[in-house]
Amino acid sequence: MADPSRTQQYRSCCRCHPGTRSASTCTPGCGRVPVGVLAAASGRTYTSVLVKRAAGMLVAVAANDDEHHAELEVAFAATGRPVVVDLSTLLVLSRLSSADVVFGQVSELLLARAAQDDVRRAVLEVHNQGGSPGVLGSDATSGELTFYQQTEEQQHFVRERTAAIEAFARRCEVRDVEPSATLGDIGDQIRAAPWAAAIELAAQEGLPLWCDDLAMRRFTSEAGVEGFSTMAMTDALYEARSESAGSAEAIDDVVHAAAKTVSELLAEYMVDVPVTTEQLIDQARADSWVPAAAALAVSRSAWWTGQPDPVHQLMQLLYPAIRDGDPNQLPGWQHAAMFGAVRPVALPAERCQVLANLALLGWESEPAFHDLADGLRTARRIAATLNGVGDPVHALPTALVALGDSGIVRSEQLVEALRAELGEWDRTST
């Protein structure tokens with residue numbers, strides 16, 4: 001049975017007024033609550049929330065090695081067997097060029113009827129909005145009705161993604177779900193949701209759940225149902241292919257295919273996938289250097305803890321590529337880097353120091369004064385969102401020493417000039 005405290009958290013989330021998020025303490029894309037719960041809280045179909053990225057990034061992969069290894073073992077065991085599938089995975093599969101190969105690793109995909117109904121409602125919504133210039137919704141802060149205009153490009157995006165999910169749903173075997181105690185006292189509103197139905201179906205059939213929402217998989221585990229991600233299944237696929245490869249050329253083909261899958265997941269805002277710096281640069285170029293999918297990856301602790309020398313990758317590879325591509329985008333990338341660097345740091349004083357170090361470092365060997373000052377303003381804005389973190393400007397003298405120890409020269413006069421430029425910090429006005 002699921003953890004009662006976790007269940008209560010999800011029930012609280014679903015008490016939000018439909019169409020608003022202001023009543024919820026959980027933020028979309030936070031990775032702590034299943035996206036399906038947030039969809040119910042906003043009064044939207046699970047499918048449309050996934051398609052429109054209303055939940056922001058999709059935390060699909062377990063950054064913890066032990067957790068991912070456990071999911072990899074489940075994926076290996078699921079090979080050649082039927083599994084239950086969540087709609088998040090149908091979205092991910094619909095974006096992979098190797099979808100048919102990955103799909104073919106299992107004998108059958110079972111889909112809960114509630115999920116099928118959700119997809120059908122989403123398709124109907126798209127059809128009904130086809131001639132509309134926008135949609136009526138609620139403002140996330142005030143809760144008041146607001147008209148959101150949609151461009152033709154946005155409408156095409158939604159139609160195409162929704163149709164792709166529907167196409168994969170048609171390839172699944174639809175099953176009814178019998179009421180059970182698997183999810184405990186989770187409430188009828190959540191129990192009827194497609195994500196909850198998927199968990200209950202997996203428990204009912206005694207099968208693992210293929211799901212690309214990490215928060216949902218963790219809840220699934222608490223409910224006694226094993227789960228795995230598409231990343232785990234592709235790792236299992238390519239590991240098996242590597243072991244059976246008969247030549248160096250065949251191994252290279254496997255490595256190339258695995259890298260392509262990771263790049264495609266990155267492009268779809270799937271975070272915490274094991275990307276290389278070269279893949280980040282390629283994605284940044286595809287996004288016209290705007291801090292989008294690749295910057296989101298850099299803003300996650302998984303990238304910083306997964307690199308042997310992340311600052312070197314940042315300064316010697318990533319920043320120079322962005323500077324050559326579109327230097328006006330560098331401040332946004334610096335903001336993402338600062339956020340990612342402080343995430344794995346626990347103590348507020350150390351977080352403050354990390355922000356100061358990156359701000360004084362800048363994004364080139366001889367940064368302009370105004371760029372350093374703006375970087376410190378960014379550091380202050382980030383510090384203001386973190387509990388107990390002080391003013392990064394006060395940590396500049398220590399940052400000067402830290403950079404000097406790494407062979408990066410900044411002068412005491414520069415630090416004093418920056419402190420004079422920034423002045424005292426009014427945390428409330430940052």
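The values are calculated or read from the model by the stated rules, or taken from the named source; none is laboratory data. All values reported here derive from a predicted model rather than from experimental measurement. Note that we place each Cβ from the backbone using ideal geometry, even for glycine, and neighbour counts take in every protein chain shown. In case anyone asks, the SASA skips ligands and DNA or RNA and just uses the protein heavy atoms, side chains included. Shrake-Rupley method; radii C 1.70, N 1.55, O 1.52, S 1.80 Å.
Within the range 230-278, which residues are in contact with a Leu (Cβ under 9 Å, 6 or more places away or on another chain), farther than 16 Å from LEU96 by Cβ and among the charged types (D, E, K, R)?
GLU239, ASP272, GLU278
Identify the residue in the range 280-297 that is farther than 12 Å from ALA336 by Cα and of a type outside the set (A, V, I, L, M, F, W, C) and, among all such residues, is nearest to the chain's Cα centre (by Cα).
GLN283
Checking LEU38 against (1) of a type outside the set (Gly, Ala, Ser); (2) assigned to a helix (DSSP H, G or I); (3) at pLDDT 85 or above; (4) under 26 Å from SER299 (Cα atoms): exactly one of these is not met. Which one?
Here LEU38 meets the rest and fails (3).
Would you please name the residue that is nearest to the chain's Cα centre (by Cα), looking only at residues in the range 256-277 that are surrounded by fewer than 17 Cβ atoms within 10 Å (Cβ to Cβ), assigned to a helix (DSSP H, G or I) and not small (Gly, Ala, Ser)?
Taking the candidates together, the pick is LYS260.
Can you tell me which residues in the range 62-83 are under 24 Å from the mean Cα position of the chain (by Cα) and loosely packed, with under 15 Cβ neighbours inside 10 Å?
ASN64, ASP65, ASP66, HIS69, GLU73
Among the residues of the range 357-383, how many are open to solvent by 10 Å² or more (accessible area, probe 1.4 Å) and assigned to a loop (DSSP other than H, G, I, E, B)?
Qualifying residue count for the region: 6.
Looking only at the range 247-277, which residues are free of Cβ contacts under 8 Å to residues at least 60 places away in the same chain and over 20 Å from GLY306 (Cα atoms)?
SER247, ALA248, GLU249, ALA250, ILE251, ASP252, ASP253, VAL254, HIS256, listed by residue number.
Counting only residues that are free of Cβ contacts under 8 Å to residues at least 60 places away in the same chain and either touching a helix residue (DSSP H, G or I) at 6+ places or on another chain (Cβ under 8 Å) or polar (S, T, N, Q) (or both), how many does the range 43-67 have?
Residues flagged as free of Cβ contacts under 8 Å to residues at least 60 places away in the same chain and either touching a helix residue (DSSP H, G or I) at 6+ places or on another chain (Cβ under 8 Å) or polar (S, T, N, Q) (or both) within the range 43-67 amount to 4.
Restrict the check to the range 384-401 and report whether at least one residue is closer than 20 Å to ASP309 by Cβ, open to solvent by less than 70 Å² (accessible area, probe 1.4 Å), touching a Pro at 6+ places or on another chain (Cβ under 9 Å) and assigned to a helix (DSSP H, G or I).
Yes, the range 384-401 has at least one match.
Kindly list the number of the only condition in (1) in a loop (DSSP other than H, G, I, E, B); (2) over 21 Å from LEU314 (Cβ atoms); (3) open to solvent by 70 Å² or more (accessible area, probe 1.4 Å) that fails for ALA349.
(1)
With (1) open to solvent by 10 Å² or more (accessible area, probe 1.4 Å); (2) in contact with a Ser or Thr (Cβ under 9 Å, 6 or more places away or on another chain); (3) part of a helix (DSSP H, G or I); (4) of a type in the set (A, V, I, L, M, F, W, C) as the list, and TRP303 as the residue in question, which single condition is left unmet?
(2)
Do the conditions hold for LEU280, that is, is it free of Cβ contacts under 8 Å to residues at least 40 places away in the same chain, farther than 15 Å from ALA62 by Cβ and crowded, with 20+ Cβ neighbours inside 10 Å?
yes
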